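Data first, discussion second: the structure below is written as structure tokens.
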Number of protein chains: 2
Amino acid sequence: MSNTLLAKSAITCENCNLERLCIPKGLKRSDIGDLKLVVNRNNIRQKGEAIYHAGSPFRGIVALRSGSAKLLSFDRNGNEVIVDFILPGELLGFDGVSLQAHNCTAVALETVNFCHLPTQQIAALSANTPGFYQVLLQRSCSQFDAQVEKVMLSRRSAEARVAAFIVQISERLKLRGYSDTEFRLSMSREEIGNHLGIAHETVSRIFHHFQALDIVEVRTKRLKILDKKKLFGFLH
Amino acid sequence: MSNTLLAKSAITCENCNLERLCIPKGLKRSDIGDLKLVVNRNNIRQKGEAIYHAGSPFRGIVALRSGSAKLLSFDRNGNEVIVDFILPGELLGFDGVSLQAHNCTAVALETVNFCHLPTQQIAALSANTPGFYQVLLQRSCSQFDAQVEKVMLSRRSAEARVAAFIVQISERLKLRGYSDTEFRLSMSREEIGNHLGIAHETVSRIFHHFQALDIVEVRTKRLKILDKKKLFGFLH
DNA sequence: CGCGTGGTTGAGAACGGTCAATCTAAGTGG
DNA sequence: CCACTTAGATTGACCGTTCTCAACCACGCG
């Protein structure tokens, strides 16, 4: 029992497999040492549980170590709007920095394990770690690039959106060292459709269509990419 | 002549009317003094000219002092996609921070005058001005909030999008001290439609429709809001 | 004052949404 | 271990919003 705990404690920023993707990327070795001391590690949420809620005060940046989540907001009718999916190794919480209160709710799509960098520590770290704020600024601005991608996506046809969704998930998983051709979609058709701005029936139909064209093989949540070239052709 | 130059030089961060909106917001008086020394002021671009191009190296953050601009990207067919409009007092350039090269092109919609905070100075300033990076981070993260708004907008009907567009421009102008009920749209119907993801004919039709309902009065580029309540009703 | 760009208006077509029925997979309890 | 249950996924039919294409108009510039 205490052995298990020790084993988990042994995972620090220095030896974490997210090192190249998480906050430490861009920091010097010695600075990573500082970081590991203040990161609140090994937080757990079960499927459906929130990591943080919209409106709650901003408490810090979160790094997903395992599992995936959805980042959502609500329109004026109270309907959930899925702003983004978060895959392992990705950071979240930037929606709280601007107003010091979260603009979105983050909900686990399956059991997740995450690290948490508390606000006070961000301030403290940035004082004696010059590169630290730069890394954070860089990360938050990369959201801007993602936003551009999203705007472009919202102009394309339903087919192009689903194709882009598959490609994006594939590439993000590849970055993390997972297979980029065969994976499990942790979100429902409803959630995919919500995120892409199309009806869930349309998602189903297009998956079916892509399968008929031998582009992918879909069995409920399992997805296998058979023909990347054809899939890219649908990005238009 | 030299008087004119002196007069222009006299506009510094300390007495600029953008003080409450620009980078200095959130900085101490003394820090603003540091800022004014490094800001490259009084840059001009004519309508159609670029402030920066996609792909060019990131050289710093830009603050629009007067005039407006469009921030655009290109889809894979080379079509312009207008990511955002920039009104006076707003910052731009964050699309270059993440990769140190601009992801978007910024083009003047009319004659613009802007300040420029060079990259090197950002680094220098952040060293002896602890709050500086925080302000930048906050500003860049507010892009995230805007992104959420944009995603929600892309789900709504063409009518709701046009209504939201009018409301947004109105509120942003109000923030700057301009009239929020009567103003000039510096962008074409084509550009509005492009930005909102609808055909320019649809923009025209909806403007016409809103006018028929006595919500607005439109004469080409001049727009007057007659009934804010009704307009808000269309935001759904 | 004519020309051209940008804006308006109309008609038809298409894409995707909605509603409804059915199917399937993953639990759940006997 | 199997029947039962239920939420999610699929499929079909129909309908509506918005796009596209095309013609026409008007404002501003030379």
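Looking only at region B:53-79, which residues are open to solvent by 20 Å² or more (accessible area, probe 1.4 Å) and outside any loop (DSSP other than H, G, I, E, B)?
Correct list: B:57, B:65, B:66, B:70, B:74.
Before we move on, is residue B:151 away from DNA strand C (no atom under 16 Å from the Cβ), within 8 Å of another protein chain (Cβ to nearest Cβ) and touching a helix residue (DSSP H, G or I) at 6+ places or on another chain (Cβ under 8 Å)?
Values: away from DNA strand C (no atom under 16 Å from the Cβ): no; within 8 Å of another protein chain (Cβ to nearest Cβ): yes; touching a helix residue (DSSP H, G or I) at 6+ places or on another chain (Cβ under 8 Å): yes.
For residue B:151, the condition - away from DNA strand C (no atom under 16 Å from the Cβ), within 8 Å of another protein chain (Cβ to nearest Cβ) and touching a helix residue (DSSP H, G or I) at 6+ places or on another chain (Cβ under 8 Å) - is not met.
Could you tell me how many of the residues in region B:80-134 are within 9 Å of chain A (Cβ to nearest Cβ), open to solvent by 10 Å² or more (accessible area, probe 1.4 Å) and within 11 Å of residue B:69 (Cβ to Cβ)?
The total comes to 1.
Kindly indicate whether residue A:93 is out of contact with any Cys (no Cβ under 9 Å at 6 or more places or on another chain), more than 16 Å from DNA strand D (Cβ to nearest atom), at pLDDT 90 or above and of a type outside the set (A, V, I, L, M, F, W, C).
When the stated conditions are applied, residue A:93 passes them.
Which of (1) open to solvent by 60 Å² or more (accessible area, probe 1.4 Å); (2) among the aliphatic types (A, V, I, L, M); (3) in contact (Cβ under 8 Å) with a residue 60 or more places away in the chain does residue A:37 not meet, given it meets every other one?
The one condition residue A:37 does not meet is (3).
Go through region B:82-98 and give me each residue that's in contact (Cβ under 8 Å) with a residue 12 or more places away in the chain and farther than 20 Å from residue B:40 by Cα.
Listed by number, the residues that qualify are B:82, B:83, B:84, B:85.
Of everything in region A:189-236, what is within 14 Å of residue A:165 (Cβ to Cβ), among the small types (Gly, Ala, Ser) and part of a helix (DSSP H, G or I)? Give them in sequence order.
Once the filter is applied, which keeps residues that are within 14 Å of residue A:165 (Cβ to Cβ), among the small types (Gly, Ala, Ser) and part of a helix (DSSP H, G or I), region A:189-236 yields A:193, A:204.
Cβ contacts < 7 Å: first residue in contact (Cβ under 8 Å) with a residue 12 or more places away in the chain and aliphatic (A, V, I, L, M), restricted to region B:177-192; second residue open to solvent by less than 20 Å² (accessible area, probe 1.4 Å) and within 15 Å of DNA strand D (Cβ to nearest atom), any location; separation 6+ or different chain. Result?
B:185/B:223; B:187/B:109; B:192/B:165; B:192/B:203
Which of the following residues is over 23 Å from residue A:157 (Cα atoms), in contact (Cβ under 8 Å) with a residue 12 or more places away in the chain and within 12 Å of DNA strand D (Cβ to nearest atom): B:200, B:236? Step through it out loud before you land on a result.
On the way: B:200 fails: over 23 Å from residue A:157 (Cα atoms).
It is B:236.
Looking at region A:147-190 only, could you name the residues that are farther than 21 Å from residue A:110 by Cβ, open to solvent by 40 Å² or more (accessible area, probe 1.4 Å) and in contact with an Asp or Glu (Cβ under 8 Å, 6 or more places away or on another chain)?
Residue satisfying the conditions is A:155 alone.
For region A:191-236, how many residues meet the condition of being under 19 Å from the mean Cα position of the chain (by Cα) and surrounded by 15 or more Cβ atoms within 10 Å (Cβ to Cβ)?
8
With the requirement that a residue be farther than 20 Å from residue B:148 by Cα, away from DNA strand C (no atom under 14 Å from the Cβ) and either of a type in the set (S, T, N, Q) or within 14 Å of another protein chain (Cβ to nearest Cβ) (or both), what does region A:158-201 give you?
Within region A:158-201, A:167, A:170, A:179, A:181 meet the criteria.
Among the residues of region B:67-80, which ones are under 15 Å from residue B:50 (Cα atoms) and not small (Gly, Ala, Ser)?
Initial filter on region B:67-80 (under 15 Å from residue B:50 (Cα atoms)): B:67-74, B:80.
Of everything in region B:67-80, those that are under 15 Å from residue B:50 (Cα atoms) and not small (Gly, Ala, Ser) turn out to be B:70, B:71, B:72, B:74, B:80.
The values are calculated or read from the model by the stated rules, or taken from the named source; none is laboratory data. Keep in mind the model is a prediction, meaning the values are calculated, not measured. Positions of Cβ are backbone-derived with ideal geometry, glycine not excepted, and every protein chain shown enters the neighbour counts. Side chains are part of the model used for accessible areas, which takes the heavy atoms of the whole protein and leaves out ligands, DNA and RNA. Shrake-Rupley method; radii C 1.70, N 1.55, O 1.52, S 1.80 Å.
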